[in-house]
1. Can you list the lysines whose alpha carbon is less than 25 Å from that of Lys38, not counting same-chain residues fewer than 8 positions off?
2. For Ala146 and Glu5, what does the FRET efficiency come to when R0 = 41 Å and r is the distance between their Cβ atoms, rounded to the nearest 0.05?
3. Count the DSSP beta bridges whose two residues both fall in the chain, then state the antiparallel fraction as a percent rounded to the nearest 5.
4. Output ³J(HN,Hα) for the stretch 224-234: one whole-Hz value per residue in order, computed from phi by the Karplus curve 6.51 cos²θ - 1.76 cosθ + 1.60 with θ = phi - 60°, and x for Gly and Pro.
5. What nm distance separates the two modelled labels at Asp168 and Glu78, each placed 7 Å from Cα along Cα→Cβ?
6. Counting only protein heavy atoms and a 1.4 Å probe, tell me what percentage of the stretch 3-66's accessible area is made up of carbon and sulfur.
7. For Cα pairs less than 8 Å apart in space and 6+ apart in sequence, what is the mean separation divided by the residue count of the chain, i.e. the relative contact order in percent?
Amino acid sequence: MTIREALLDASHRLELQRVPHPRRCAEVLFSHFLNVDKTYLYSHDDEPLPPAICEKIENAIGERISGVPVQYIVGHQEFYGRDFLVNPSVLIPRPETEHIIEAVLETGHSPNTRIIDVGTGSGCIGTTLALELPHSSVFAADISEAALQTAKQNAQRLGACVAFVCMDVLDAVSDHFDFVVSNPPYVPRRDAGSLQREVRDHEPHVALFDPGDDLAIYRRLIQSAINLLKPGGRLIMEIGFAMEESVLSLIDGSWNALPTRRDLQGIPRAVVAQKPL
Ligand SMILES: C[S@@+](CC[C@H](N)C(=O)[O-])C[C@H]1O[C@@H](n2cnc3c(N)ncnc32)[C@H](O)[C@@H]1O
């Protein structure tokens with residue numbers, strides 16, 4: 001069987017099983033197991049598919065049909081133009097989280113800007129900021145030791161200088177920062193049923209679900225950050241669907257609320273608050 005025939009067959013079977021974006025999924029799996037990019041895949045698609053690769057792809061298709069996200073099968077996800085290793089102990093980085101990066105980069109910086117990323121997961125936010133702002137000091141925290149292992153691996157692979165710490169929100173720090181950034185676990189448990197099965201059944205629950213009552217993690221971030229930010233420092237937090245109003249209501253008079261960052265469709269993505277000068 002040629003690569004073209006196998007690719008068509010795989011896309012068709014994924015489509016029949018209602019896997020989202022079946023063609024793209026098949027391309028990612030074929031590129032990964034053949035260790036080639038998409039251009040090579042199509043420019044050599046009349047070549048035979050080696051049987052050993054065919055078997056690996058068959059297993060991967062089975063996993064994908066059973067709901068495993070393609071990123072966990074291939075072990076990678078791109079974020080802000082860089083490749084991050086992912087596995088079931090970390091959330092798969094999402095494109096909307098890049099708004100946090102942009103919100104930091106658009107703000108003026110001194111050469112020794114100090115940043116802490118709370119709930120770093122794969123390390124995508126902290127590592128990206130350390131690489132984009134090479135003269136900054138970046139710290140990254142997570143409550144999950146397993147996530148921190150992956151985050152450290154990513155920082156090392158990408159050559160980023162990040163200090164990692166295992167802690168509950170900001171409980172173990174007393175230093176001062178210019179930025180506290182976070183994409184916290186914000187899905188209320190009662191909404192678990194509305195998540196895609198790929199997310200609910202495969203991504204770590206500690207990364208998805210708000211651990212307390214609604215907005216508990218935002219309350220803790222806001223309360224701790226006011227003491228840890230330098231005057232003029234910013235707290236930037238990703239928010240979920242329809243959460244802007246309720247998260248903004250937690251930002252009291254000790255803060256200056258800045259405009260929420262929105263995506264191109266106008267969807268609010270990150271709340272920004274500044275500690276007064
Ligand atoms: C939504 S994920 C974000 C991961 C990564 N920053 C990203 O944007 O892809 C939330 C992360 O917060 C971590 N986390 C959950 N509760 C925490 C807590 N109380 N303190 C610190 N980190 C926590 C989880 O382990 C998870 O890695």
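The values are calculated or read from the model by the stated rules, or taken from the named source; none is laboratory data. In this text the structure is predicted, and so the values were computed from the model without any measurement. Every residue, glycine as well, gets a Cβ built from its backbone with ideal geometry; the counts of neighbours run over all protein chains shown. Side chains are part of the model used for accessible areas, which takes the heavy atoms of the whole protein and leaves out ligands, DNA and RNA. Shrake-Rupley method; radii C 1.70, N 1.55, O 1.52, S 1.80 Å.
1. Lys56
2. It comes out at approximately 0.55.
3. Around 45 percent antiparallel, to the nearest 5.
4. 3J(HN,Hα) across the stretch 224-234, in whole Hz: 6, 5, 4, 7, 9, 7, 6, x, x, x, 10.
5. Label at Asp168, label at Glu78, 4.0 nm between them.
6. Working: 2060 of 3900 Å².
Ligands and nucleic acids excluded, carbon and sulfur give 53 percent.
7. On the way: 473 pairs, mean separation 39.4, N = 277.
Here the relative contact order equals 14 percent.
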